[in-house]
1. Tell me which residues, restricted to region 147-169, are within 13 Å of the ligand (Cβ to nearest atom) and outside any helix (DSSP H, G or I).
2. Against the condition outside the structural domain of Ser288 (by TED's automatic domain parsing), free of Cβ contacts under 8 Å to residues at least 24 places away in the same chain and away from the ligand (no atom under 16 Å from the Cβ), how does Gln67 come out, does it pass?
3. Being crowded, with 21+ Cβ neighbours inside 10 Å and more than 14 Å from the ligand (Cβ to nearest atom) is the filter here; which residues of region 217-233 pass it?
4. So in region 178-204, with the set limited to residues that are part of a strand (DSSP E or B) and within 16 Å of the ligand (Cβ to nearest atom), which one is farthest from Leu92 (Cα to Cα)?
5. Criterion first (assigned to a loop (DSSP other than H, G, I, E, B) and in contact with a strand residue (DSSP E or B) (Cβ under 9 Å, 6 or more places away or on another chain)) does Arg127 satisfy it?
6. Condition first: under 17 Å from Leu330 (Cα atoms), exposed (fewer than 14 other Cβ atoms within 10 Å of the Cβ) and in contact with a helix residue (DSSP H, G or I) (Cβ under 9 Å, 6 or more places away or on another chain). Now tell me which residues in region 117-135 satisfy that.
7. Please pick out the residue among Asp255, Asp290, Asp263 that is in contact (Cβ under 8 Å) with a residue 60 or more places away in the chain, in a loop (DSSP other than H, G, I, E, B) and either more than 16 Å from the ligand (Cβ to nearest atom) or buried (at least 17 other Cβ atoms within 10 Å of the Cβ) (or both).
8. Out of the helices (runs of 4 or more DSSP H) lying entirely within region 312-353, which hold 2 or more residues that are more than 30 Å from Lys266 (Cα to Cα)?
Amino acid sequence: MNEDLFQSLPSVNELLSNPAIVELQQQFGSGLVKQQIQQVLNNKRQQIIQGEKPTLATTDLVVAVKQQIHDKTVMSLRPVINATGVVLHTNLGRSLLSPEIKQAVNEVGFQYSNLEYNLNEKARGQRYSHVEALIRDLTGAEDALVVNNNAAAVMLVLDTLVNQKEVIVSRGELVEIGGSFRIPEIITSGGGILHEIGTTNKTHLVDYQRALSDETGAILKVHTSNYRIVGFTESVASQDLSKLAHEAQVPLIYDLGSGLLVDLSKFGLPAEPLIKEELKWYDLVTFSGDKLLGGPQAGIIAGKRDYIERLKHNQLLRALRVDKLTLAALEATLHLYENPEKVIQKIPTLRMITLPLAELQQHAQRLSSALKQIKSLKVTTLAGTSQVGGGSYPGYLLPTELVAVTPTTISATKLESKLRISDSPIIVRLEKGQVQFDVRTLQIGDDEKIVRRISQLMRS
Ligand SMILES: *Cc1c(COP(=O)(O)O)cnc(C)c1O
């Protein structure tokens with residue numbers, strides 16, 4: 001019996017001459033195709049050995065080979081639909097770049113550029129020069145520098161300014177950002193010595209005063225970007241900290257984390273530090289390019305010229321330097337800020353955070369109506385909340401409108417996983433036995449894709 005099945009398996013060569021497989025070889029190369037054929041045939045042999053009776057029709061084998069080649073060659077890093085409502089979702093790539101900057105990124109990626117070439121002087125130039133003036137104009141800083149991310153920015157600053165000396169930080173600000181960024185470790189790994197002051201809830205000016213000594217290398221303030229300390233609390237005003245640091249002649253650094261270039265308080269959002277305001281008091285501030293700024297991953301350092309000049313001479317900078325695609329995306333994003341009236345609409349992160357509730361409700365209604373056409377599905381809309389995410393506006397929830405879907409033939413958990421594990425994944429919320437879509441983070445065209453995918457899944 002087994003023997004018969006083995007006999008009816010085609011050979012590798014037979015399959016290689018199948019027209020559909022010949023086509024695959026032209027597209028993907030004969031090596032890969034042959035390997036996948038062998039794999040498919042091996043799987044069938046294993047099944048036969050285990051007493052199964054797999055289908056051995058050539059058409060089925062060809063489909064299996066095609067599927068395996070697809071799985072091997074499909075991009076691992078791929079777009080997903082973010083229906084979680086978390087605007088700066090670190091796992092889903094944080095900020096979306098503005099469609100307005102597509103051309104700038106494209107041009108620099110596919111053509112030679114003046115990345116490190118000074119066209120006026122016919123001489124070597126600096127890659128950082130392309131964004132320096134823009135950052136200066138937008139923040140009021142004397143000078144600026146850009147590195148890979150904000151973690152790199154903080155490391156470079158500490159490594160340069162705090163050689164073997166003490167860094168004074170409030171105990172209320174010993175922050176851990178997801179992954180491996182913890183302020184105490186960042187300080188010590190750069191050769192600095194952590195000098196903690198105050199308590200978790202209260203740090204006074206006198207705590208800073210007492211900590212200052214000949215051993216002090218810098219005072220570091222860290223924005224508590226992913227948590228809030230509420231209740232019986234106190235921290236020192238930037239103004240007072242500035243006076244103290246300057247009298248003592250120690251650099252005053254602020255790790256802003258996110259940092260805003262435009263004030264969002266008129267949209268009803270709570271205060272987040274404005275870069276321009278903070279630069280009045282701090283010698284250097286550091287912030288991310290892909291958080292509230294709404295650009296590519298980058299770490300921006302802005303502040304006093306002589307400090308920035310010292311950073312530029314640190315050997316470490318070479319290891320932290322940004323690539324030309326990042327610089328193109330960052331420069332183009334910063335140009336959008338030159339028109340403050342338009343910037344909120346042009347930068348997706350800012351637009352999504354400030355979306356009016358009425359607009360979200362209309363969007364939810366549209367999506368809900370479309371989903372109601374699908375059989376075996378209960379669809380409702382309900383009020384909910386979204387988080388900004390990405391270490392900004394901690395503890396603050398934005399009112400939003402959700403579309404909730406309850407399938408009647410499969411479980412919500414099953415639907416969630418089917419939506420997620422796909423070539424075009426859709427990431428949803430799973431709550432109270434419902435699959436929920438927060439429309440805040442849905443982009444143009446996403447609704448249609450969601451409806452198509454769910455109706456496909458509910459039919460199969
Ligand atoms: C997010 C954040 C960082 C890390 O920034 P990356 O750009 O993700 O490297 C550092 N410090 C603070 C306070 C942050 O919020």
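1. Here is the first cut: in region 147-169, the ones within 13 Å of the ligand (Cβ to nearest atom) are 147-158, 169.
Scanning region 147-169 gives Val147, Asn148, Asn149, Val169.
2. So Gln67 fits the description; yes.
3. Result: Gly217, Ala218, Ile219.
4. Kept after step one, since they are part of a strand (DSSP E or B), are these residues of region 178-204: 181-182, 193-197, 202.
Add one more test, that the residue is within 16 Å of the ligand (Cβ to nearest atom), and what stays is 181-182, 194.
Working: Phe181: 19, Arg182: 22, Leu194: 33 Å.
Once the filter is applied, the top-ranked residue is Leu194.
5. Values: assigned to a loop (DSSP other than H, G, I, E, B): yes; in contact with a strand residue (DSSP E or B) (Cβ under 9 Å, 6 or more places away or on another chain): yes.
For Arg127, the condition - assigned to a loop (DSSP other than H, G, I, E, B) and in contact with a strand residue (DSSP E or B) (Cβ under 9 Å, 6 or more places away or on another chain) - is met.
6. Gln126
7. Answer to the check: Asp290.
8. By residue number, 316-320, 324-336.
The values are calculated or read from the model by the stated rules, or taken from the named source; none is laboratory data. What you see is a predicted model, and the numbers here were worked out from it, not measured in a lab. Backbone-built Cβ (ideal geometry, glycine too); neighbour counts: all protein chains shown.
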